[in-house]
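Visitor: So that we are looking at the same thing, I have put the structure below in structure tokens.
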Amino acid sequence: VFIVNETEQVVHAYLSSASGNSLDVMKLPFDSLDTIKKIVQSWKEGKIYRDYWNRQQFESWVQAMVEIGQVTDIEKFLASDSPLESLSHKFIPFAQGMLYVGSHEYTDIDQQVELVKSLADSFSVAYARYEDFIQIETAKKKVEATLAELKATQSQLIQSEKMASLGELTVGIAHEIQNPLNFVNNFSEVSSELIDEMRAELSNGNFRPATELAEDIKQNLEKITFHGK
């Protein structure tokens, strides 16, 4: 998964091997490599970025990552689940970045493009919810957790119906969380306003209206507790 951060002008890359083992987490400036520039440009244009490397090109890329301090274990990258003589790339754009799939067989990856698009859309919805509710550092940890889930479903990419169901489930869960959260926020804001009114009444010696306002605040707190639970 490649998350494009325009504010920082960097691409956060979370890479795994074909067998699902984590390779590395990288922080790549937009202008660090020609490949990154092309990926970012394709993302801005909403286009699929395609490339094809032989083993020499792949090894040159790994060496470049080492030189800019992004690869911590070069042997892990060069070791492969099967002999690597070629590597076909596809980067599928979604709202916050690119979902990457690499394959030794060019035709193999072509057959999976539509399924990867569906997965990218589902991932985009999930990641948008992360950005709404947590700070960016926590969001990066969430991406790692989501990446682990994506690894578990790599072998099921050909089952498009399951991918569609995953997208519907993600939206449904987000919707169920959003509704009570809105109630909590709204009742909290109203309670804050009621406290200001109560203070004003107390300062004017109007204890009965202040008592009524206190009861309203208590009812709001009960509703906050209810929706919180």
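Visitor: Which ³J(HN,Hα) values, rounded to whole Hz and listed in residue order, are derived for the stretch 191-204 from phi using the Karplus coefficients 6.51, -1.76 and 1.60 in 6.51 cos²θ - 1.76 cosθ + 1.60 with θ = phi - 60°, glycine and proline given as x?
Guide: Whole-Hz 3J(HN,Hα) from phi for the stretch 191-204: 4, 4, 5, 5, 5, 4, 5, 5, 4, 5, 5, 5, 5, 8.
Visitor: Report which label in [x] -0.34, -0.60; [y] -0.43, -0.73; [z] -0.51, -0.73 holds the value of log10 I(q)/I(0) by the Debye sum over Cα atoms at q = 0.09, 0.12 Å⁻¹ derived from the coordinates of this structure.
Guide: Recomputing log10 I(q)/I(0) by the Debye sum over Cα atoms at q = 0.09, 0.12 Å⁻¹ here picks out [z].
Visitor: Percent of accessible area on the chain owned by carbon and sulfur, 1.4 Å probe?
Guide: Roughly 51 percent of what the probe reaches on the chain is carbon or sulfur.
Visitor: Treating only the Cβ atoms of Lys and Arg (+1) and Asp and Glu (-1) as charged, compute the dipole magnitude of the chain about its Cα centre; round to the nearest 20 debye.
Guide: Roughly 200 debye, rounded to the nearest 20.
Visitor: Same structure, new question: So how exposed is W61, as accessible area in Å² (1.4 Å probe, rounded to 10)?
Guide: Here the residue's solvent-accessible area equals roughly 40 Å².
Visitor: Still on this structure: Take R208, R199, R50, R55 and sort them by solvent-accessible surface of the protein heavy atoms, 1.4 Å probe, largest at the top.
Guide: R208, R199, R50, R55
Visitor: Please state the relative contact order of the chain as a whole percent: Cα pairs under 8 Å, 6+ residues apart?
Guide: Contact order relative to length: 14 percent.
Visitor: Still on this structure, please answer the following. Could you order L169, L99 by accessible surface area, starting with the largest, using a probe radius of 1.4 Å?
Guide: If we order L169, L99 from most to least accessible, we get L169, L99.
Visitor: Which residues' amide hydrogens lie under 5 Å from the amide hydrogen of F94, considering only partners 5 or more residues apart or on another chain, with H built in the peptide plane?
Guide: Residues meeting the criterion, in which the H sits 1.01 Å from N, are L99.
Visitor: Same structure, new question: Using only protein heavy atoms and a 1.4 Å probe, report how much of D132 is accessible, in Å² to the nearest 10.
Guide: Rounded to the nearest 10, that gives 110 Å².
Visitor: Towards the positive end of the charge dipole of the stretch 1-103, with charges on Cβ (+1 Lys, Arg; -1 Asp, Glu), say which of G46, M65, I36 has the farthest Cα.
Guide: The Cα lying farthest towards the positive end belongs to G46.
Visitor: Also, quick follow-up: If amide hydrogens are placed 1.01 Å from N in the peptide plane, which non-local residues have theirs closer than 5 Å to the one on D24?
Guide: When sequence neighbours closer than 5 places are left aside, the close amide H contacts are L15.
Visitor: Quick one: which residues, 5+ away or cross-chain, put their amide H under 5 Å from the amide H of Y49? H built at 1.01 Å from N.
Guide: F91
Visitor: Under a 1.4 Å probe, what is the accessible area of the chain per residue, stated in Å²?
Guide: Value for the chain: 59 Å² per residue.
Visitor: Mind ranking K90, K223, K229 by accessible surface for me, highest first, 1.4 Å probe?
Guide: K229, K223, K90
Visitor: When we measure straight from the Cα of K27, which lysines land under 26 angstrom away, once same-chain ones fewer than 8 places off are left out?
Guide: By straight Cα distance, K27 reaches K37, K38, K44, K47, K76, K90, K117, K140, K141, K142, K151.
Visitor: On alpha carbon coordinates alone, what is the Rg over Rh value for the stretch 147-229, Rh being the Kirkwood radius?
Guide: My calculation of the ratio gives 1.40.
Visitor: Apply the Karplus curve 6.51 cos²θ - 1.76 cosθ + 1.60, θ = phi - 60°, to the phi angles in the stretch 119-132 and return the couplings in whole Hz, x for Gly and Pro.
Guide: 5, 4, 4, 5, 5, 4, 4, 4, 5, 4, 5, 4, 5, 5
Visitor: Here's a follow-up. Say each of S22 and K142 gets a label point 7 Å from the Cα, pointing the same way as Cα to Cβ; how far apart are those two points in nm?
Guide: It is 1.8 nm.
Visitor: Compute the separation of the alpha-carbon centres of the stretch 53-76 and the stretch 1-52 and state it in Å as a whole number.
Guide: If you average the Cα positions of each part, the centres end up 14 Å apart.
Visitor: Find me the longest stretch of the chain that has none of the exposed GluC sites (Glu not before Pro), where exposed means in a DSSP loop (not H, G, I, E or B) with at most 14 other Cβ atoms within 10 Å.
Guide: For GluC sites (Glu not before Pro) (loop position, at most 14 other Cβ atoms within 10 Å), the longest site-free span of the chain is 106-229.
The values are calculated or read from the model by the stated rules, or taken from the named source; none is laboratory data. These figures come from a predicted structure and were not determined experimentally. Virtual Cβ from ideal backbone geometry, glycine too; neighbours counted across all protein chains shown. Keep in mind that these areas ignore ligands, DNA and RNA; they rest on the heavy atoms of the full protein, side chains included. Shrake-Rupley method; radii C 1.70, N 1.55, O 1.52, S 1.80 Å.
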